[in-house]
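See below for the structure under consideration.
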Amino acid sequence: MPTRGRQLVELALVFIIAFALLIIGTTTYIGMVALLLVPTPFIYLARQHRLRERVIPVFLFILASLLLLGPLGAFAALFLGLLGTVMGHFYRNRNSGLPAVIAGAATVLGSFLLGLLLLTTVFGFDLAAEMNRAKEVVINEGLRFPVSSPVTDDEWKKSVEQEFDMIQMILPTYFVSSSIVFSVVVHWLSRWLLKLCKYTIPAMPPVREWKFPRSLLIYYFAAMLIMLLMGENMTGSFWERAFLNLKVLLDIVFTIQGVSFCFFAFYLKRWRILGPLLVVFLFIFPLLTYILSILGIFDLGLNFRKRLETRVKRS
């Protein structure tokens with residue numbers, strides 16, 4: 001088959017596969033899995049073809065989704081097609097999948113914010129008002145049921161209000177962390193699927209090699225100190241939200257650092273079973289995240305893994 005003909009066939013296949021996955025994702029019970037696979041054809045396309053040959057299928061994909069699935073379908077097509085194209089571009093000529101995952105997370109976050117902006121300006125959606133309405137529903141419905149004896153109705157109501165207020169304050173952190181998780185899942189699924197098709201993309205570094213900059217400790221303790229000294233003065237202000245989101249985001253970072261250190265220790269000790277068990281226990285015992293966060297802080301600050309590696313070599 002001539003090269004030009006082969007390229008046209010590949011472009012057509014990318015369009016057909018992506019559109020079929022989008023329809024499955026928006027009309028069936030396995031929707032989320034199918035939607036996570038939509039970027040995969042565009043990842044393949046972006047690694048193989050030039051910019052012009054990447055843009056045409058994405059444009060046709062968005063146009064067909066608009067005609068058959070409406071505005072929401074078109075936005076989903078734009079988001080997923082752009083995500084696959086950006087990640088595929090960063091996979092080119094790189095030995096690690098990390099730059100693609102970071103670029104993918106930035107694309108997802110931008111799409112989240114764009115979607116929220118469109119909902120607010122076009123459809124009049126007010127996120128804060130909707131969350132307040134949900135809070136009222138929880139309080140009104142929940143008070144119909146008896147609460148435990150040590151807690152009065154007013155105390156329970158106040159705790160619910162505090163939890164909803166906290167959720168609203170850390171929404172930026174939720175958007176950032178969700179974007180990272182989404183990008184990582186797309187990377188792993190795409191790598192697995194393309195590997196089945198005898199086509200590989202760069203892998204992420206092993207979890208045991210993940211290590212964040214030590215300078216993050218400065219930001220973390222600075223935020224903690226400022227919140228401790230200026231807590232009452234910042235109540236309800238922008239700075240309270242900013243420092244709280246910074247703290248929560250760094251807590252997640254240090255938890256990941258703690259997990260990385262555990263995998264590093266398991267690798268040195270050749271305890272292969274404990275790695276998957278640790279991941280399972282993270283979902284079963286939420287207290288474990290706090291322990292891992294502290295461990296991550298000590299690993300960054302005191303370089304635990306270097307000391308552990310030296311001790312293992314001596315033994």
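Values quoted throughout were computed directly from the atomic coordinates according to the rules given, and no laboratory measurement underlies them. Because the structure is predicted, anything quoted here is derived from the model rather than measured. Cβ placement follows ideal geometry from the backbone for every residue including glycine, while neighbour counts extend to all protein chains displayed.
Output the number of residues of the stretch 273-312 satisfying the condition of being charged (D, E, K, R) and closer than 12 Å to residue 262 by Cα. Before the answer, list the steps.
First pass over the stretch 273-312, keeping only residues charged (D, E, K, R): 299, 305-307, 309, 311.
If we keep only those that are closer than 12 Å to residue 262 by Cα too, we end up with 299, 305.
Going through the stretch 273-312 one residue at a time, the tally reaches 2.
Within the stretch 153-175, track down each residue that is among the aliphatic types (A, V, I, L, M), closer than 25 Å to residue 110 by Cβ and touching a helix residue (DSSP H, G or I) at 6+ places or on another chain (Cβ under 6 Å). Even if it seems obvious, please write down each step before you answer.
As a first pass, look at the stretch 153-175 and keep what is among the aliphatic types (A, V, I, L, M): 160, 166-167, 169-171.
Next, from what is left, pick out any that are closer than 25 Å to residue 110 by Cβ: 167, 169-171.
Scanning the stretch 153-175 gives 169, 170.
For the stretch 182-222, name all the residues that are charged (D, E, K, R) and either surrounded by fewer than 16 Cβ atoms within 10 Å (Cβ to Cβ) or farther than 17 Å from residue 94 by Cα (or both).
Residues satisfying the conditions are 195, 198, 208, 209, 211, 214.
Just give me the residues in the stretch 82-94 being touching a residue at least 40 places away in the same chain (Cβ under 8 Å) and outside any helix (DSSP H, G or I), in sequence order.
92, 94
Which ones in the stretch 34-54 are surrounded by 14 or more Cβ atoms within 10 Å (Cβ to Cβ) and without any contact (Cβ under 8 Å) to a residue 40 or more places away in the chain? Walk me through how you get there before you give the answer.
Filtering the stretch 34-54 down to residues surrounded by 14 or more Cβ atoms within 10 Å (Cβ to Cβ) leaves 34-49, 53-54.
Answer for the stretch 34-54, where residues must be surrounded by 14 or more Cβ atoms within 10 Å (Cβ to Cβ) and without any contact (Cβ under 8 Å) to a residue 40 or more places away in the chain: 34, 48, 54.
Okay, residues lined up against (1) surrounded by 14 or more Cβ atoms within 10 Å (Cβ to Cβ); (2) out of contact with any Leu (no Cβ under 6 Å at 6 or more places or on another chain); (3) part of a helix (DSSP H, G or I):
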residue: 12; (1), (2), (3): no, yes, yes
residue: 24; (1), (2), (3): yes, yes, yes
residue: 64; (1), (2), (3): yes, yes, yes
residue: 71; (1), (2), (3): no, yes, yes
residue: 80; (1), (2), (3): yes, yes, yes
residue: 96; (1), (2), (3): no, yes, no
